[in-house]
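Every read-out reported here was derived from the displayed coordinates using simple, explicitly stated rules and does not represent laboratory data. Note that this is a predicted model, so its numbers are computed, not measured. FYI the Cβ positions are ideal-geometry reconstructions off the backbone, even for glycines, and counts take in every protein chain you see.
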Amino acid sequence: MRTHIIVAIAAAAVLGTTLAASAQDRPTLTVYTYSSFAGEYGPGGAIKENFEAECGCFLRWIETGDAGTLLARLQLEGNSTTADIVLGLDTNLIALARQTGQFAEHEIELGALDLPVEWTDEIFIPFDWGWFAFVYDSATLESPPTSLAELIADPDGPSVIVQDPRTSSPGLGLLLWMKQMFGDEADEAWASLSPRIVTVTRGWSEAYGLFLEGEADMVLSYTTSPAYHIAVEGETRYRAAIFAEGHMMQVEVAGIIAGTDQPELARQFLRFMVSDGFQSAIPEGNWMYPAVVPADGLPEAFAALGQPPTSFLLPPEEVEVNRRAWIDEWLAAMTR
Amino acid sequence: MVNRLPGLIALALIAALVGSAMIGLIVAGGGDGSFGPWSYIGSVIRISVIQAALSTLASLLLGAAIALALARRTRFFGRPVLIAALNVATVLPAIVTVFAIVAVFGRSGWLGDISRWFGFDYGSWVFGLEGVLLAHLLLNAPLAARVFLAALAAIAPEHWRLAAQLGMPPRAIFRFIDLPVLIRESAGIAALIFLACFTSFAIVLALGGGPAVSTLEVAIFEAIRFEGDFQRAALLAVLQIAISLALLAPLIFLFSRRAPEAMPTGLSALRPDIGATTTKLADRIILIGGGAFVIVPLAAIVVAGSSAVATLAVPVVARALATSVAIGVPAGFLSVGLALALATLGRHLRLQSSRRRTADLIGLTALLILVVSPLTLSAGLFAVLRSVVSPFAIAIPLIIIVNALMALPFTYRQIEPPLLLAAERYGRLADSLGVKGLPRLRLMDWPLLKSPLIVALTMAIALSLGDLGVAAFFGTGDLVTLPVLLFERLSAYRTAEAASISLLLSLLVLAMFLIAQRWSGGWYARTR
């Protein structure tokens with residue numbers, strides 16, 4: 001009896017070491033990202049499969065709420081972070097991210113990008129972009145506001161769900177959009193909108209989920225969100241309200257952690273990020289415009305989408321200088 | 001030495017943990033002295049005070065009304081169910097209460113469905129002050145009702161005979177007999193409820209609807225986890241401690257005064273006001289309305305939870321359950337161990353008549369932990385540790401330690417009285433017989449201590465199982481406890497999954513409390 005046990009233990013030990021060894025042969029690349037990217041409905045699964053097919057490695061997604069939470073976590077972890085790559089910050093957060101000193105230059109020769117702006121950053125590489133917009137259900141909201149000013153001013157206007165600018169990149173985007181539109185009177189505008197804000201969520205996923213459950217008339221999302229409903233559900237009732245003043249734009253980026261123990265693999269991933277294997281999963285996975293349009297072009301559903309007359313994108317440095325003060329102003333206006 | 005050493009170690013450990021956390025926060029808070037928007041911090045305090053005051057007032061009023069009606073109606077169909085529901089509602093984890101409120105009052109909840117069926121959509125109002133108040137009311141009105149009912153049931157029968165002889169009308173009975181009792185009991189329970197609502201975390205985080213309704217506890221969490229701003233967290237923590245301390249001073253007095261055991265006389269049936277038509281009508285309204293307010297949300301957990309029970313069969317639930325148990329059980333044992341060590345030291349000092357003051361101080365140490373809120377302690381430990389090691393990497397031990405300390409006021413209160421009683425009863429006999437060491441522990445202390453230890457352990461485990469704040473603070477994507485998972489499911493509006501996790505968590509916590517009750521004898525009743 002006893003010999004059987006010893007044999008079993010020995011066999012298990014051998015098996016265990018073999019498995020561990022084969023796992024060690026394949027290095028693991030750890031990527032921090034926001035939850036809707038790596039989650040069930042996001043592009044994370046397809047990207048992992050495509051990258052692992054060519055890298056001989058494991059790609060491990062770590063979900064951390066939305067973009068703001070992502071950066072806060074990185075700051076709190078400091079040098080002990082296990083991340084090799086952070087994916088999902090946007091241009092509004094890259095100056096703050098750069099200040100942490102935790103990112104390394106990408107040292108990659110980038111080909112042509114299909115971005116509405118010129119890209120020269122030496123640390124971060126963009127993977128997609130889009131316009132923030134309020135999405136509504138045309139079956140229940142017949143005459144949506146046609147400008148941000150109209151949305152703010154009408155006390156009987158639609159109820160909205162927005163995201164917290166401290167945790168979420170759309171939330172921060174709206175904060176900047178309001179600031180761009182209303183300047184010193186932005187706090188008045190927030191106070192005026194505040195009674196119609198059903199709830200301020202931490203991330204985009206929560207907000208969009210609540211909206212689909214019918215908890216509010218409009219939700220802060222993207223002009224590209226209706227494409228999901230068209231392509232996946234064959235449903236055209238969800239639309240993005242196009243505002244006359246123009247829309248704030250977002251460019252989402254990824255960067256390499258300076259302390260990574262997989263620098264080569266990390267660079268390989270960033271190069272992969274601007275190739276078809278990654279970019280083809282973006283339009284109908286992350287529901288954003290790809291940074292490099294894949295060979296077979298944009299999906300059909302994107303053709304039906306409205307486009308804003310004007311776009312804004314603030315210089316990262318300007319955001320960084322003012323971010324804290326503007327968030328504090330928002331906090332004060334919301335708690336009035 | 002056996003009497004003192006563990007206690008001194010426990011005391012040193014607690015002092016080191018709490019002390020270094022406080023110093024860590026103050027050092028981290030040093031910075032450039034610009035604390036940011038006072039208007040925001042002022043608003044948080046103002047809203048917390050208003051919210052806590054409204055929650056307390058509503059809980060006391062509803063609690064008193066239910067208690068009066070129950071005191072007058074000692075026999076009616078469903079009374080045991082209502083009493084059981086009151087007991088259950090007070091021990092539910094806060095995040096489960098959130099689910100119950102959303103499931104009943106939310107737009108897609110029972111009430112929303114019924115009103116839409118009548119062609120009326122009341123929209124989303126469960127986020128914000130209203131939702132927070134409802135959840136606090138569901139958690140605290142039953143607590144107030146239980147305390148009031150115990151006091152009302154203990155009114156001496158002479159009062160009722162006298163009232164009957166004098167022919168006092170129901171209004172006079174309320175004014176001269178019931179009201180003084182209610183007012184006497186109100187001070188302590190009001191302070192307790194106010195403090196709980198003022199430092200509320202899970203309910204405000206889930207239902208506050210953004211920064212418009214916040215508490216200092218939530219603001220501390222947000223300052224660090226959203227912005228990595230230790231300076232602001234430190235300021236918020238200091239403010240919260242100062243305000244809690246001012247609130248807690250009367251509570252400490254009430255805690256240290258050993259309340260006379262309120263023995264129900266069972267003679268409320270003598271009340272002369274039970275026959276009046278006015279009280280009959282009022283009681284009916286209160287028992288149906290108040291009863292429904294408590295019972296329906298609990299029923300929603302059971303109904304929605306059991307119909308979605310299949311959603312529990314996913315690996316993430318099993319992992320969350322395992323993590324919760326792996327945190328709750330060690331936290332319970334640690335808390336009981338600390339309490340036992342402290343109480344032994346306290347007893348040793350108390351038996352030397354010259355050291356009584358010092359002994360009182362030890363009891364106070366256990367209580368003062370109430371002032372240092374879970375997130376203050378967590379934020380402080382984070383600030384201290386982060387230069388040495390990533391606190392996220394040692395999250396589980398940290399959560400265990402903070403939860404154990406948070407349960408200490410309760411475990412200490414369970415263990416200290418019987419330990420002292422054992423020495424008072426059998427100490428001299430044991431001395432004269434020369435019984436020492438382990439046999440002394442086994443023969444003298446164990447018989448009286450066994451039940452309270454089990455009660456303390458299960459209560460501490462239950463408290464820890466229900467914790468959202470500490471686990472969410474130290475947890476990152478990989479560390480998921482049942483309350484954290486429930487919070488995520490609720491935020492994502494995955495109602496069926498939230499329902500089944502709520503039911504699972506409620507059953508776990510209830511099982512703990514049932515074990516506690518089974519072993520409690522008199523001790524359990526005294527703590528509640």
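Projecting the Cα positions of B:Gly167, B:Leu514, A:Gly88 onto the charge dipole of the protein assembly as shown (unit charges on Cβ atoms of Lys, Arg, Asp and Glu, taken about the Cα centre) puts B:Gly167 furthest along the positive direction. Among A:Met273, A:Met181, A:Met288, determine the one that fluctuates most according to a GNM of chain A built with springs between C-alpha atoms less than 10 Å apart. Of A:Met273, A:Met181, A:Met288, the most mobile in the Gaussian network model is A:Met181.
Assigning unit charges at the beta carbon (Lys, Arg +1; Asp, Glu -1) and nothing else, what dipole magnitude in debye, to the nearest 20, does the stretch A:25-67 show about its Cα centre? Let's see the in-between values first.
Values: 3 positive and 7 negative charges, 18 e Å.
Using Cβ point charges on Lys, Arg, Asp and Glu, the stretch A:25-67 gives about 80 debye.
Amide hydrogen proximity for A:Thr199: with H placed 1.01 Å from N in the peptide plane, the residues at 5 or more positions away or on another chain lying under 5 Å are A:Val162.
Calculated [222 nm] ellipticity per residue, helices only, for chain A: -12500 deg cm²/dmol; basis is -39500 (n - 2.57) per DSSP H run with n ≥ 4, divided by all residues, nearest 500. Between the listed residues B:Ala84, B:Phe392, B:Trp125, the Cα displaced farthest toward the positive end of the dipole of chain B, a dipole computed from Cβ unit charges relative to the Cα centre, is found at B:Ala84. Of the trypsin sites (Lys or Arg not before Pro) found in the stretch B:13-122, those in coil by DSSP whose Cβ has at most 13 other Cβ atoms within 10 Å are B:Arg75. Amide H contacts of A:Phe312: A:His247, A:Met248, A:Met249, each under 5 Å away and 5 or more positions distant or on a separate chain (H built 1.01 Å from N in the peptide plane; Pro and chain starts excluded).
I'd like the chymotrypsin sites (Phe, Trp or Tyr not before Pro) in the stretch B:126-186 restricted to DSSP loop residues with at most 10 other Cβ atoms within 10 Å, sorted by number.
Details: sites: B:Phe127, B:Phe148, B:Trp160, B:Phe174, B:Phe176; in loops: B:Phe127.
Hits after loop and neighbour filter: nothing returned.
By the Cβ-Cβ criterion of under 4.7 Å, the unpaired cysteines of the protein assembly as shown are B:Cys197.
Taking only C-alpha pairs under 8 Å that are 6+ residues apart, what is the relative contact order of chain A in percent?
Values: 597 pairs, mean separation 85.9, N = 336.
Dividing the mean separation by the residue count of chain A yields 26 percent.
Listed by chain and number, the aspartates and glutamates whose alpha-carbon sits under 20 Å from that of B:Lys450, ignoring those within fewer than 8 places in the same chain, are B:Glu416, B:Glu424. Residues of the stretch A:206-221 with an amide N closer than 13 Å to a point placed 7 Å from the Cα of B:Arg116 along the Cα-to-Cβ direction: A:211-216.
Distance between the pseudo-spin-label points of B:Phe77 and B:Ile285 (7 Å out from Cα toward the beta carbon): 2.3 nm.
Here the spin labels are modelled as points 7 Å beyond Cα on the Cα-Cβ line, and at A:Val321 and A:Glu213 they lie 4.3 nm apart.
Spacing of the modelled spin labels on B:Leu13 and A:Ala304, each 7 Å from Cα toward Cβ, amounts to 6.4 nm. Counting other Cβ atoms within 10 Å as a rough exposure proxy, the listed residues B:Ile327, A:Ile62 run A:Ile62, B:Ile327 from fewest neighbours to most.
If you take the Cα centroid of the stretch B:181-232 and the Cα centroid of the stretch B:54-71, the two points sit 21 Å apart. Residue exposure proxy: A:Thr28, A:Thr167, ordered by other Cβ atoms within 10 angstrom of their Cβ from fewest to most, comes out as A:Thr28, A:Thr167. When each of B:Val296, A:Val86 is scored by the number of other beta-carbon atoms lying within 10 Å, the sequence from fewest to most is B:Val296, A:Val86. Simple point charges give the picture: +1 on the Cβ of Lys and Arg, -1 on the Cβ of Asp and Glu, and for the stretch B:374-511 a dipole about the Cα centre of about 400 debye. Give the residue from A:Leu176, A:Ser194, A:Trp204 lying farthest towards the positive end of the charge dipole for the stretch A:169-226; charges sit on Cβ (+1 for Lys and Arg, -1 for Asp and Glu) and the dipole is referred to the Cα centre. Result: A:Trp204.
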